[in-house]
Amino acid sequence: ALAGQRLRGVVHAAGALADGVLAGLSPERLAVARHAKVTGAEVLDELTRSADLAFFLLFSSVSGLLGGAGQAAYACANSALDALAERRAALGLPATSVAWGPWAGAGMTEALDAPGLARLASAGLAPLALTAGLALFDAALACADPVVVAADLRPAADLDQASAPDLLRGLARGRPEHKPALDLTGLDARGRERAVADLVRTTAARVLGHPAGSAVPARVSFHDLGFDSLTSVELRNRLSAATGIDLDAGVIFDHPTSALLAAHLLAGLAGPAGTEDARVRDLLASLPLDRLRQAGLLEPLLALTGARDTAPARGTPPAAEELDALSGEDLLRWAANAVGER
């Protein structure tokens, strides 16, 4: 306060980003976020305990409430600010901690690139316009609650369920249970390969903020495309949600191109039994049946299948979708019947 004037209020808006995945969080990185956010606020709290303040306003972040990819240190520091406001309020002291969402073209998210902005949007957070942010600032000063949220939250129906924080997913009452989006029903082997490859490339493009999968060449490494630890985790999460496969945290690093990752997903979708059946079907489709009989292989193979009558009747060619559903032994039985009719 100026000489001869009483201090009317405090606004603490300092902060420092220390982004990184949890596995890479160090005491030094945590200290950077804590010192800028918490240490200064604690000093101001101490120095103004006896002052007759009209307000004590702390700039916190929704990351402390919702979490955020790579923001463990920052979220922790902001949660400490929220706790300080609660503690002051319990003592009868003025305190408001504003958990801000991102601002458009300003604030801690000003330097975010396109993938970073896309990540915020998929989590249900839209950047606040300047006029909206200032109006929320005034509203926060008038609010009696010690911790308030000032953010542009997207409607629950628009959320990307793979990326949205758990708290926001819970707002989608009555929403149908999320199911894998990839449907390979009725596709042959090549069709399945194309569908999975397209899924990987379009999903990777979306994470990076590109409009189409053509921006992700099949054999260029994710690292060279601009993926870092945060976007790699997001890609893993989105693909897990789309396929229903519980992918390892390091799957992007173990399969560093979209082609390799698609092959890995395809094997996971087929499973051990599905992969074997597909291999048998492909082999049967490529081998002439007369050659199997001439080599004396067809009858022994049929003998191994046992007496099952689930194959199509003699002389009734199965439809394409029926053929794809048959097991290896049923395919052999139908093949034997077809050869025997010649």
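The values are calculated or read from the model by the stated rules, or taken from the named source; none is laboratory data. Only a predicted model underlies this, so the values are computations on that prediction, with no experimental measurement involved. Backbone-built Cβ (ideal geometry, glycine too); neighbour counts: all protein chains shown. Areas reflect the complete protein model, heavy atoms only, side chains present, ligands, DNA and RNA absent. Shrake-Rupley method; radii C 1.70, N 1.55, O 1.52, S 1.80 Å.
Annotations for the structure displayed:
- Count of the stretch 155-210 residues, restricted to those that are closer than 19 Å to Asp246 by Cα, modelled with pLDDT of 85 or more and hydroxyl-bearing (Ser, Thr, Tyr), is 1.
- The requirement of being open to solvent by 40 Å² or more (accessible area, probe 1.4 Å), part of a loop (DSSP other than H, G, I, E, B) and small (Gly, Ala, Ser) is satisfied by Gly186.
- Any chance Val280 is in contact with a helix residue (DSSP H, G or I) (Cβ under 9 Å, 6 or more places away or on another chain), at pLDDT 80 or above and either open to solvent by less than 70 Å² (accessible area, probe 1.4 Å) or not aromatic (Phe, Trp, Tyr) (or both): no
- Tallying residues that are farther than 14 Å from Ala13 by Cα and either assigned to a loop (DSSP other than H, G, I, E, B) or under 28 Å from the mean Cα position of the chain (by Cα) (or both) within the stretch 45-73 yields 19.
- Test set (1) surrounded by 13 or more Cβ atoms within 10 Å (Cβ to Cβ); (2) charged (D, E, K, R); (3) more than 12 Å from Leu261 (Cα to Cα) - Glu193 fails condition number: (3)
- For the stretch 73-119, the set of residues classified as of a type in the set (A, V, I, L, M), modelled with pLDDT under 85 and open to solvent by 40 Å² or more (accessible area, probe 1.4 Å) consists of Ala104, Met108, Ala111, Leu112, Ala114, Leu117, listed by residue number.
- Answer residue from the stretch 196-214, given it is part of a helix (DSSP H, G or I) and either among the hydroxyl-bearing types (Ser, Thr, Tyr) or free of Cβ contacts under 8 Å to residues at least 12 places away in the same chain (or both) and is least open to solvent (accessible area, probe 1.4 Å) among those: Ala205
- Filter result (open to solvent by 50 Å² or more (accessible area, probe 1.4 Å) and of a type in the set (Lys, Arg)) within the stretch 216-274: Arg219
- Residue within the stretch 252-260 that is among the polar types (S, T, N, Q), closer than 23 Å to Gly191 by Cβ and either at pLDDT below 90 or not in a helix (DSSP H, G or I) (or both) present: yes
- Close pairs (6 angstrom Cβ cut-off, 6 or more residues apart or separate chains): of a type in the set (A, V, I, L, M) in the stretch 50-63, assigned to a strand (DSSP E or B) anywhere: Leu53/Gly9; Ala54/Gly9; Leu57/Val11; Leu57/Thr96; Leu58/His12; Leu58/Ser97; Val62/Ala99
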